[in-house]
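**Student:** Structure in structure tokens, see below.
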Amino acid sequence: MNFRVSSSIAKGMSIGSPFRLQALRYASNKTMTVREALNSAMAEEMDRDDDVFIIGEEVAQYNGAYKVTKGLLDRFGERRVVDTPITEYGLAGLAVGSALKGLKPIVEFMSFNFSMQAIDHVVNSAAKTHYMSGGTQRCPIVFRGPNGAAVGVGAQHSQDFSAWYGSIPGMKVLVPYSAEDARGLLKAAIRDPNPVVFLENELLYGESFEVSEECLSPDFTLPYTSKIEREGTDISIITYTRNVQFSLQAAEILDKQYGISAEVLNLRSIRPLDVDAIIKTVKKTNHLITVESAFPQFGVGSEIIAQVMESEAFDYLDAPVQRVTGADVPTPYAKELEDFAFPDPDTIVRAAKETLSVE
């Protein structure tokens, strides 16, 4: 088997080094978990640029609450991997200030629900400074961490912030699904001179995905555009993050049980929104449903529908668009109720059948 290790990963590593062995494993295997993809992306970008550093609660000695930063303290030291007290307002403010002075921080929120404590720094300082300075002051920073519901974490830890942050001018908002998404988009975000909100899904961290040789390159980045995960001709399903998985499962059911060919579009980016791809898939299939785990009002699906209505895609629709969303209630703690509160493959299948008037 051919092993392929980037020079930036292999730099300074002895043959028996655990980092070299880890790099060989990434390069030789054809699969990678989302956790590994995020970890390797940050490590390579820290190798590439000494101005990149990680800051957050338990990111260093504890290796991160979800082990996404595992091994980075040992590799880069306390100057580059910084543990902080439990104060999102404080750590985000420190990071934004350092970005305004030319450093490139990666801020880990243990949960994006906790970013509400820091939202003034994220929105009023990071996102608006470039515009308010007349284009003279950039803020190269990445805010990353788990977003949305997990399992039994309650209403205060289950919100999806895609639409919240996606509504802010000056902010870029990325929503990876696969390991390739996570790796390519995070590397692009770290290199971006603008502030980026990077919304991960806790339940995807341990999921394994096939990756290409190209994805394993230290130079691999992805554009902030959508990706067709499954080609189809009868209906378009537009979604993001973990709901891509459910939509692909629904598409398989629709094909096998009803002979319906569903196209699944993985957005990957909320802001900028790939409107061209949305229009193209609607013009191809003439039917559309959107799928998200956020609240139904003022969501990403609403924006997609508005963009379709305001474009030539509207003339291609043969039926009204349906939104599949989370329930309009604070997320229940009890698992039985929580399961009812969010989309699953069966919910998506029902919406597709209704849109196509299939019994």
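**Student:** Quick query: amide H of GLN159 versus all other amide H atoms, modeled in the peptide plane; which residues come in under 5 Å with a sequence gap of 5 or more or a different chain?
**Tutor:** GLY148
**Student:** In addition: Got a sec? Which residues in the range 79-99 would a label at ASP50 touch, if it sits 7 Å along Cα→Cβ and we count backbone N under 20 Å?
**Tutor:** Once the point is set 7 Å along Cα→Cβ of ASP50, 79-82, 98-99 turn out to lie under 20 Å by backbone N, inside the range 79-99.
**Student:** Using the scaling law 2.2 N^0.38 Å as the reference, what is the normalised Cα Rg of the range 105-162?
**Tutor:** Values: Rg = 13.7 Å, N = 58, 2.2 N^0.38 = 10.3 Å.
Ratio of Rg to 2.2 N^0.38 Å for the range 105-162: 1.33.
**Student:** Here's something else I'd like to know. Just want the answer: with Cβ charges of +1 for Lys and Arg and -1 for Asp and Glu, which residue in VAL308, VAL264, ALA341 is farthest toward the dipole's positive end in the range 227-356?
**Tutor:** VAL264
**Student:** Under a Cβ-only charge scheme (Lys and Arg +1, Asp and Glu -1), can you give me the dipole magnitude of the range 7-216 about the Cα centre, in debye to the nearest 20? Mind showing how you got there, number by number?
**Tutor:** Values: 20 positive and 25 negative charges, 88 e Å.
Dipole about the Cα centre, nearest 20: 420 debye.
**Student:** Separate question: Rounded to the nearest 5, what % of the DSSP beta bridges within the range 227-356 are antiparallel ones? Walk me through the numbers on the way to the answer.
**Tutor:** Details: 3 of 14 bridges.
Approximately 20 percent, going by the DSSP bridge assignments.
**Student:** Please give the calculated 222 nm ellipticity per residue for the chain, where each DSSP H segment of at least 4 residues contributes -39500 (n - 2.57) and the sum is spread over every residue; nearest 500 deg cm²/dmol?
**Tutor:** -10500 deg cm²/dmol
**Student:** So if we plug the beta-carbon distance of GLU310 and ARG75 into 1/(1 + (r/R0)^6) with R0 = 51 Å, what FRET efficiency do we get, rounded to 0.05? Please report the intermediate quantities before stating the final value.
**Tutor:** Values: r = 48 Å, r/R0 = 0.95.
With a Förster radius of 51 Å, E is 0.60.
**Student:** Treating the beta-carbon of each Lys and Arg as +1 and of each Asp and Glu as -1, no other charges, what is the dipole magnitude of the range 174-242 about its Cα centre, to the nearest 20 debye? Walk me through the intermediate numbers first.
**Tutor:** Values: 6 positive and 13 negative charges, 51 e Å.
My answer is approximately 240 debye.
**Student:** Sticking with this structure for a sec: For the range 227-356, what is the Kirkwood estimate of the hydrodynamic radius, computed as the reciprocal of the mean inverse distance between distinct Cα atoms, to one decimal in Å? Walk me through the numbers before you get to the answer.
**Tutor:** Values: mean 1/r = 0.0686 Å⁻¹.
Hydrodynamic radius (Kirkwood, Cα pairs) of the range 227-356 is 14.6 Å.
**Student:** Also, quick follow-up: Give the long-range amide H neighbours of ILE270: residues separated by 5 or more places, or on another chain, with amide H under 5 Å away, using H modelled in the peptide plane at 1.01 Å from N.
**Tutor:** The list, which skips near neighbours in sequence, is VAL173, LEU174, VAL175.
**Student:** Which is farthest toward the positive dipole end of the range 7-216 among VAL151, ILE141, VAL59, measuring Cα position about the Cα centre, with Cβ charges +1 (Lys, Arg) and -1 (Asp, Glu)?
**Tutor:** ILE141
**Student:** Let me ask something else. Please compute the length gained on full extension between LEU203 and THR225, using 0.36 nm multiplied by the number of residues separating them and subtracting their Cα-Cα distance.
**Tutor:** Numbers: separation 22, 0.36 × 22 = 7.92 nm, distance 2.30 nm.
The span from LEU203 to THR225 would gain 5.6 nm if fully extended.
**Student:** I would also like to ask the following. Report for the range 198-304 the percent antiparallel among DSSP-assigned beta bridges with both residues inside it, nearest 5. Display every interim value, and only then the final one.
**Tutor:** Details: 3 of 11 bridges.
Of the beta bridges lying entirely in the range 198-304, close to 25 percent run antiparallel.
**Student:** Given +1 on the Cβ of Lys and Arg, -1 on the Cβ of Asp and Glu, and no further charges, what dipole in debye does the chain carry about its Cα centre, rounded to the nearest 20? Present the calculation step by step, with values, prior to reporting the outcome.
**Tutor:** On the way: 34 positive and 48 negative charges, 234 e Å.
Taking the Cα centre of the chain as origin, the dipole is about 1120 debye.
**Student:** Place +1 on the Cβ of every Lys and Arg and -1 on the Cβ of every Asp and Glu in the chain, take the dipole about the Cα centre, and give the residue among LEU103, LEU199, THR87 whose Cα lies farthest towards its positive end.
**Tutor:** LEU103
**Student:** Among DSSP bridges having both ends in the chain, what percentage is antiparallel? Round to the nearest 5.
**Tutor:** Working: 8 of 38 bridges.
Here the antiparallel bridges make up roughly 20 percent for the chain.
Since every read-out is calculated from the coordinates, none of them should be taken as a lab result. Note that this is a predicted model, so its numbers are computed, not measured. Glycine also receives a Cβ, built like all others from the backbone with ideal geometry; neighbour counts cover every protein chain displayed.
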